[in-house]
Amino acid sequence: MGKILTERLTAEIGGDEVCVFMIGMRVNKRWKVHRWWPVARAMSRMLAELQARPELGFLGYQSWFGNPSIFVQYWRSFDLLEAYATHRGLAHLPAWADFNRRVGSNGDVGIWHETYRVRPGDFECVYNNMPPFGLGKATRIVPAVGRRELAPGRMSA
């Protein structure tokens with residue numbers, strides 16, 4: 001999991017923006033493994049592809065497994081996320097086509113996503129007694145001191 005950092009830290013994103021992409025699936029009919037298992041495997045393939053190709057703009061992710069399962073992904077920009085999602089030679093489009101062919105809107109497996117642009121000065125986070133995590137792990141963690149000590153200062157840093 002990583003070394004516990006016992007100081008008070010915050011994230012520093014630099015640049016113009018970071019894109020936070022939350023995505024997940026919900027198994028609605030557990031007995032239909034032939035419907036939901038390919039969806040789960042497709043996410044694993046996409047994450048492996050993204051981690052192997054940093055030029056695509058993927059910065060990292062955190063995941064929680066349950067029903068629904070949740071992946072919080074961090075990207076260098078919305079434009080790079082969109083470029084990945086629509087690129088004909090990468091894993092997402094075939095996975096999306098396969099989902100629509102196998103599941104579509106039949107109710108067996110739910111999928112969802114939410115996308116947020118995060119610009120410098122428009123976010124606030126703090127980590128204390130944590131290993132690198134979330135936005136701080138995907139970007140850069142810095143001490144939460146000086147004007148970054150309190151939430152309003154972190155929000156405008």
* Asked: Is there a residue in segment 37-51 that is in contact with a Lys or Arg (Cβ under 9 Å, 6 or more places away or on another chain) and under 18 Å from A138 (Cβ atoms)?
  -> no
* Asked: Looking only at residues in segment 109-153 that are among the hydroxyl-bearing types (S, T, Y) and under 15 Å from E12 (Cα atoms), which one is farthest from the chain's Cα centre (by Cα)?
  -> Y127
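This table checks each residue for (1) in a helix (DSSP H, G or I); (2) within 30 Å of G153 (Cα to Cα); (3) at pLDDT below 95; (4) not polar (S, T, N, Q).
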| residue | (1), (2), (3), (4) |
| --- | --- |
| G2 | no, yes, yes, yes |
| E7 | no, yes, yes, yes |
| C19 | no, yes, no, yes |
| W31 | no, no, no, yes |
| W36 | yes, no, yes, yes |
| V39 | yes, no, yes, yes |
| M46 | yes, no, no, yes |
| E49 | yes, no, no, yes |
| Y74 | no, yes, no, yes |
* Out of (1) outside any loop (DSSP other than H, G, I, E, B); (2) touching a residue at least 24 places away in the same chain (Cβ under 8 Å); (3) surrounded by fewer than 14 Cβ atoms within 10 Å (Cβ to Cβ), what's the single condition that is false for G107? -> (1)
* Structure fact -> The lone condition P132 fails out of (1) outside the structural domain of N67 (by TED's automatic domain parsing); (2) loosely packed, with under 15 Cβ neighbours inside 10 Å is (2)
* Lone qualifier among W75, W96 - being more than 28 Å from P132 (Cβ to Cβ) and either surrounded by 12 or more Cβ atoms within 10 Å (Cβ to Cβ) or not assigned by TED's automatic domain parsing to the domain that holds L135 (or both) -> W96
* To do: Return the pairs, sorted by first residue and then second, in which the second residue is modelled with pLDDT of 95 or more and surrounded by fewer than 17 Cβ atoms within 10 Å (Cβ to Cβ), the first residue lies in segment 44-71 and is under 19 Å from H87 (Cα atoms) and outside the structural domain of G134 (by TED's automatic domain parsing), the beta carbons are less than 6 Å apart, and the residues are 6+ apart or on different chains.
  => G57/L80
* Mind checking which residues of segment 74-89 are touching a helix residue (DSSP H, G or I) at 6+ places or on another chain (Cβ under 7 Å) and in contact (Cβ under 8 Å) with a residue 12 or more places away in the chain? -> Y74, W75, L80, Y84
* Condition test on G24, is it surrounded by 13 or more Cβ atoms within 10 Å (Cβ to Cβ) and either modelled with pLDDT under 95 or touching a Pro at 6+ places or on another chain (Cβ under 9 Å) (or both)? -> yes
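The values are calculated or read from the model by the stated rules, or taken from the named source; none is laboratory data. Please read these numbers as outputs of a predicted model, since none were measured by experiment. Reconstructed Cβ throughout: ideal geometry from the backbone, glycine too, with neighbour counts over all protein chains shown.
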